[in-house]
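The values are calculated or read from the model by the stated rules, or taken from the named source; none is laboratory data. The model shown is predicted, which means the values in this text are computed figures rather than measured ones. Ideal geometry is used to build each Cβ from the backbone, glycine not excepted, and the neighbour counts take in all protein chains shown.
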Amino acid sequence: MEERSLILEGLPDDFDRVKSKVELYFKNKRRSGGEIEQIREHQDDKRKALLIYMSEEDLKKVLDKRIHKVDFKSKGAVEVTVKLPEDTKSKKIKPLVLPKPKLEKNALLKSLPAPANQVSAARQPATEIKDNEEDSEIPDLLITTPSLTLFDKETLQMYFEQFTEQFELAKHGNNSWILKLYSQSDFKEIFGKEEHDIGVSLQVYNERSLGGKSDPRRFILTGFDGDTDCKKISVFIGSCSKTTEHTWETLDDDDMIVVTFKQDIDVKSFIRKCTSKQLQGRDIGVTRMERTDSILVQGDLEKISEEILTLYFTNKKKSRGGDIENFTWIDRRMSAVITFGNCDDAHATVEQKHSVCGTEVHASLFYSSLRKALTGEKPSLTDTTTKVNISVSEDLLLFFETNERCRKELESDAKRLHAKVSMDSTALASEIILEMDVNKESLKARQIAPTWESKIKRGVESFLSGYDTEELTVDEDVWRKVEKDCDVLVTVDTAFSFKERNSKVVISGVNEQVRILSDKIRTLLTNAAVEVEVERNTIEATIQLDCRETFDLIKERVQSKLGQVSLSHDEKHHVISLKGLKEKVNSVEMLIKNAQKNIITHQLKLSSHLIDFLKSLDLHKFEKDNHIPARFLNRKDFFGILVEKENLKGAQDKIGEILKEEVIQISPNQTGLTRFLGNLQDEIEKANDIRIAQSNMQVIICGLSNAVADVTGKVRRYLKNKEPTTENVPLKSVREVEFVESCLNLSDLPELKRLGASILACKASNSPCLKVTAPNDNIKDAVDVVQRKLSSIAVEKHKYCKAGEAKVLEKHKDNVKTKAREKQCTLYLSQEHIVALPKSFTHRIGDFMTLSISEGDLHHFTADALICTMNGNLDFNKPMAQRFLKFGGDKILEVCETPKKEKQSLLPGDVLVSDAGKLNAEMLIYAVLPQKGQALDLIYLQSSVRNCLLKAEGKGCVSIAMPAIGCETFGFSVKESCVAIRAAVLQFCSEHQNSQTNIRNISVVDSDEKIVEECNALIQELV
């Protein structure tokens, strides 16, 4: 299929720079008119292009439009023309320049797209002039978009392209646009539509009504680029304003400046001239600025409050200001924005100087849409730095010079900040030189000048922070040893060099790579340094010793400190050899000599038995097993230890702990001991840890402490068991003693002879008994034999009350006694004396329990359980406790031994159950009582009785007997005792009211008749 082409003219830049924008427009069939096949660069002119079409119809539609408006973003909206190739040979006709409406700008300048900020002439072919003249009276339309809806220019263009393709769209405000139409029919169709789908509203734009809002002296010019010559900008503005005095300032966008005239000008003429001519081949657009109602106040404001500033600028006489609508701090110390209710007040205040509270402040017009204040001063580079020197280390500078990749990265970063880099490592100063890389007379230079120095410094310093150098001090010989190995480790981001003048390796490059490389080189240097040091300083030294034991002690002392020094010992000549680095060998040699001086010989103060025992041991093994910090010296005339001075006491203490000697005194009659020791010697012979020696008067046991303690215990227990022991077997009366002595002949019994026991009668009236003496291990058996024999004794009493019987018996008593003796009996005759019976009172408690108060001795009373009162220490120093001990025997002491051994004291109220021994009871209960006057004494007294009852109940006792609790030595009265007993009994019954108790009989026993009667009377009152 045949290709068809059109020539595109009027490109704002070379085709290869704007190719993407041209393709975006002409490949949009709806916008350009036809579907394009390909776009090529013109072979003769870089600012032209060839449009290739496959369809004649598409080509014709594009050609019919002729003038196309293409948005080049940074270049703005530019009108380009399409022609047939043959038309380019005819005379070119410059299209008529039509003035554009004057637009006001009230939005933030930073948010405005470039095409919306300019009002340029619509260039049309001469053939269409007539048509346009017919429509020259078509008014512009003001498009208002909803405040909460954001519309971009592309969206609005696509919407209005459905009505016409001949229109222009320019930004008017934050939510408004100006639509210019070139056909009355298009105007009527669009403006006549009652409602638009996208929610916009339209009204006729009346420029005159906005005249009061526009600033007649300030304009925004667009269409420049960074290369525009500043001098030519001033000349251009002068040519369009008849050289009216003016200044201009740069804005943040590259293609914009703000022009401020010192006096009013012909606005229409200025706009027409600006938009009808080009500057350096670029179309210039003009936008009028609205008059601002705000000023920026600057100065030392730290001590001036908001109220003071408000009062000052409200005062028309002082500041020429007026009513203030808003006050905003920008920087609390330096600047604030004041918004007036009237624009005239804002413009008036900036025309004079201000002094507030003695502080000079400066006011300049502030434009919220631009987010900056206009100073009305032309920018200058006179006082601006265009060259910066950044100091770096000499090595890092050399790295960038030699490393092309890293240097290009630095140059690329600097170029983005409009700077070029130069460096010279041969110069005196080690610096990176940065120069502004734009034309000093260009618009770009004026725009970047205020912040160029700080930005380039921050940027380059940030880049350099990613690089570092590290120095490693190294011996030259060591470096030569590893230099080739280090060369292999270098990466593209690192370099190193060796500086002989100060023997240092300097590593430069990227931070992380420098760290990695320095670690690797440092490892190589460390290993090489050891090798070089060994090669340089290896020596040998010898030290003479006096014996092997000295070597053992010295070796223990210095073994952990040898390091790389090797140590050997000639046992024959007792010589130590050291080999290693000179410094380390000297150090170890000094340690050994100091250790020699510190070693002493000490003779042990041990008995001959212990020394003989030690000599029988493997002394080296004995030292090692017991961790003795010394060495034994076993010489012919000497036995002692070799030890360091500071360890002497420790060694002596250790030996004293390990070894022990016990001497046990014995009596000559202990004949069986020798046989026992012989058997014991056979048992311990294999252990080889003890020695036993015996003489007539003593046994000597020596050896290891544990073994000595064990054997000594066995010997002492043997001797204790064989030691004679005497135990009393109580009898009921002296008459029983006399009977045993005269009739039984217990000492002749074979059983007692076999046990080695002897019997001695004791006729003491208060405690008649038989004293049984036997070896300790046989005493129990001997007592059992005696008690079995005594159990067969029977006592019978007969009364002879008939007349004359007593006299006959008295007359023949000797004969009667003889007859009784023949029958292995003893007979006693006595006159009976009438003795009053002991008093006893009984009270019933409940249905099953009785409480009795009886006269008598409690320790002779018969009951299942007896109560003995005690103090907390369980000492038998109270009269009652002593009586119980006397008649109960040592058996009742056993339960008290455990608390005493554990050094425990019982508290008032506590009870302890004991064996009753020889008492007429099944069990004995010790009750710990409080002392009268003690806190809560009566409560503790009652608690003691109750706890005794609970213990007896738990043991299944039916009867229990107690004294008048707390009387005598504890200080309580009889009444207090009775109250406590009654309360405890009632509490006990209450706790067991739902079950039948074991205890049926409770007795209070006292030998004092008065106390018995008083108790009975009190109980009667209380019951």
Exercise. Would you point out the residue of segment 329-343, among those that are modelled with pLDDT of 90 or more and out of contact with any Asp or Glu (no Cβ under 8 Å at 6 or more places or on another chain), that is surrounded by the fewest Cβ atoms within 10 Å (Cβ to Cβ)?
Key: 337
Practice problem: For residue 572, state whether it is in contact with a helix residue (DSSP H, G or I) (Cβ under 9 Å, 6 or more places away or on another chain) and basic (Lys, Arg). | Solution: no
Exercise. Please enumerate the residues belonging to segment 920-954 that are in contact with a strand residue (DSSP E or B) (Cβ under 6 Å, 6 or more places away or on another chain) and among the charged types (D, E, K, R).
Key: 951
Exercise. State whether one or more residues within segment 237-253 are of a type in the set (Val, Ile, Thr), surrounded by fewer than 22 Cβ atoms within 10 Å (Cβ to Cβ) and in contact with a Phe, Trp or Tyr (Cβ under 8 Å, 6 or more places away or on another chain).
Key: yes
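Scan segment 22-56 residue by residue and report those that are acidic (Asp, Glu) and more than 16 Å from residue 68 (Cβ to Cβ). Break it down stepwise before answering.
Applying the first criterion (acidic (Asp, Glu)) to segment 22-56 yields 23, 35, 37, 41, 44-45, 56.
Selection gives 37, 41, 44, 45, 56.
Can you find a residue in segment 376-394 that is over 22 Å from residue 436 (Cβ atoms), within 46 Å of the chain's Cα centre (by Cα), not in a loop (DSSP other than H, G, I, E, B) and not polar (S, T, N, Q)?
Checked against the condition, which is being over 22 Å from residue 436 (Cβ atoms), within 46 Å of the chain's Cα centre (by Cα), not in a loop (DSSP other than H, G, I, E, B) and not polar (S, T, N, Q), segment 376-394 yields at least one hit.
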Quiz item: Taking segment 827-882 as the region of interest, how many residues are part of a loop (DSSP other than H, G, I, E, B), at pLDDT 90 or above and β-branched (Val, Ile, Thr)?
Solution: 1
Quiz prompt | Elements of type strands (runs of 3 or more DSSP E) in segment 253-336, at least 1 residues being of a type in the set (S, T, N, Q) and more than 30 Å from residue 10 (Cβ to Cβ) | solution = 256-261, 294-299, 324-331
Self-check item: Cβ-Cβ under 8 Å pairs, at least 6 apart or on other chains, segment 902-914 side farther than 21 Å from residue 891 by Cα and modelled with pLDDT under 90, far side among the hydroxyl-bearing types (Ser, Thr, Tyr) and assigned to a loop (DSSP other than H, G, I, E, B)
Solution: none
Quiz prompt | Sole residue being in contact with a His (Cβ under 6 Å, 6 or more places away or on another chain), surrounded by 13 or more Cβ atoms within 10 Å (Cβ to Cβ), touching a residue at least 24 places away in the same chain (Cβ under 8 Å) and of a type in the set (Val, Ile, Thr), chosen from 539, 576 | solution = 576
Practice problem: Would you point out which residue out of 482, 474, 478, 505 is at pLDDT 90 or above and of a type outside the set (D, E, K, R)? | Solution: 505
Practice problem: Of the numbered conditions (1) more than 22 Å from residue 961 (Cβ to Cβ); (2) in contact with a Phe, Trp or Tyr (Cβ under 7 Å, 6 or more places away or on another chain), residue 868 fails exactly one; give the number of that condition. | Solution: (1)
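Looking only at strands (runs of 3 or more DSSP E) that lie completely in segment 645-744, which have at least 1 residues being within 30 Å of residue 797 (Cβ to Cβ) and at pLDDT 80 or above?
Working: elements: 659-665, 690-694, 698-704, 724-730.
It comes to 724-730.
Looking at 906, 912 in this structure, which one is part of a strand (DSSP E or B), assigned by TED's automatic domain parsing to the domain that holds residue 946 and under 18 Å from residue 943 (Cα atoms)? Outline the logic, then answer.
Values: 906 fails: part of a strand (DSSP E or B).
The conditions single out 912.
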Practice problem: Scan segment 460-507 residue by residue and report those that are buried (at least 16 other Cβ atoms within 10 Å of the Cβ), in contact (Cβ under 8 Å) with a residue 40 or more places away in the chain and farther than 28 Å from residue 420 by Cβ. | Solution: 470, 472, 474, 478, 479, 481, 482
Quiz item: Would it be correct to say that residue 824 is under 23 Å from residue 741 (Cβ atoms), surrounded by 10 or more Cβ atoms within 10 Å (Cβ to Cβ) and outside the structural domain of residue 749 (by TED's automatic domain parsing)?
Solution: yes
Quiz item: When residue 789 is evaluated against the numbered criteria (1) part of a loop (DSSP other than H, G, I, E, B); (2) closer than 30 Å to residue 719 by Cα, which criterion, by number, is the only one it fails?
Solution: (1)
Practice problem: Give the number of residues within segment 977-996 that are buried (at least 18 other Cβ atoms within 10 Å of the Cβ) and of a type outside the set (A, V, I, L, M). | Solution: 4
Quiz item: Is there a residue in segment 364-387 that is out of contact with any Phe, Trp or Tyr (no Cβ under 8 Å at 6 or more places or on another chain), modelled with pLDDT of 90 or more, outside the structural domain of residue 435 (by TED's automatic domain parsing) and not hydroxyl-bearing (Ser, Thr, Tyr)?
Solution: yes
Quiz prompt | segment 611-624, residues that are over 18 Å from residue 702 (Cβ atoms) and exposed (fewer than 15 other Cβ atoms within 10 Å of the Cβ) | solution = 620, 621, 624
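With 453, 471 as the choices, which residue is touching a strand residue (DSSP E or B) at 6+ places or on another chain (Cβ under 9 Å), assigned to a helix (DSSP H, G or I) and charged (D, E, K, R)? Spell out the reasoning first.
Details: 471 fails: assigned to a helix (DSSP H, G or I).
Of 453, 471, the one residue that is touching a strand residue (DSSP E or B) at 6+ places or on another chain (Cβ under 9 Å), assigned to a helix (DSSP H, G or I) and charged (D, E, K, R) is 453.
Take residue 626 and tell me if it is farther than 30 Å from residue 479 by Cα and within 45 Å of the chain's Cα centre (by Cα). Before the answer, list the steps.
On the way: farther than 30 Å from residue 479 by Cα: yes; within 45 Å of the chain's Cα centre (by Cα): yes.
For residue 626, the condition - farther than 30 Å from residue 479 by Cα and within 45 Å of the chain's Cα centre (by Cα) - is met.
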Quiz item: Under the condition of being in contact with a Lys or Arg (Cβ under 8 Å, 6 or more places away or on another chain) and of a type in the set (A, V, I, L, M, F, W, C), which residue from segment 741-754 is nearest to residue 821 (Cα to Cα)?
Solution: 743
Exercise. Please go through segment 395-413 and pick out each residue that is in a helix (DSSP H, G or I), surrounded by 15 or more Cβ atoms within 10 Å (Cβ to Cβ) and of a type outside the set (Asp, Glu).
Key: 396, 397, 398, 399, 400, 406, 407, 410
Self-check item: Residue in segment 124-173 that is modelled with the highest pLDDT, counting only those that are of a type in the set (Val, Ile, Thr), surrounded by 16 or more Cβ atoms within 10 Å (Cβ to Cβ) and in a loop (DSSP other than H, G, I, E, B)
Solution: 138
Exercise. Taking residue 771 as the residue in question, decide whether it is more than 17 Å from residue 731 (Cβ to Cβ) and either outside the structural domain of residue 730 (by TED's automatic domain parsing) or loosely packed, with under 15 Cβ neighbours inside 10 Å (or both).
Key: no
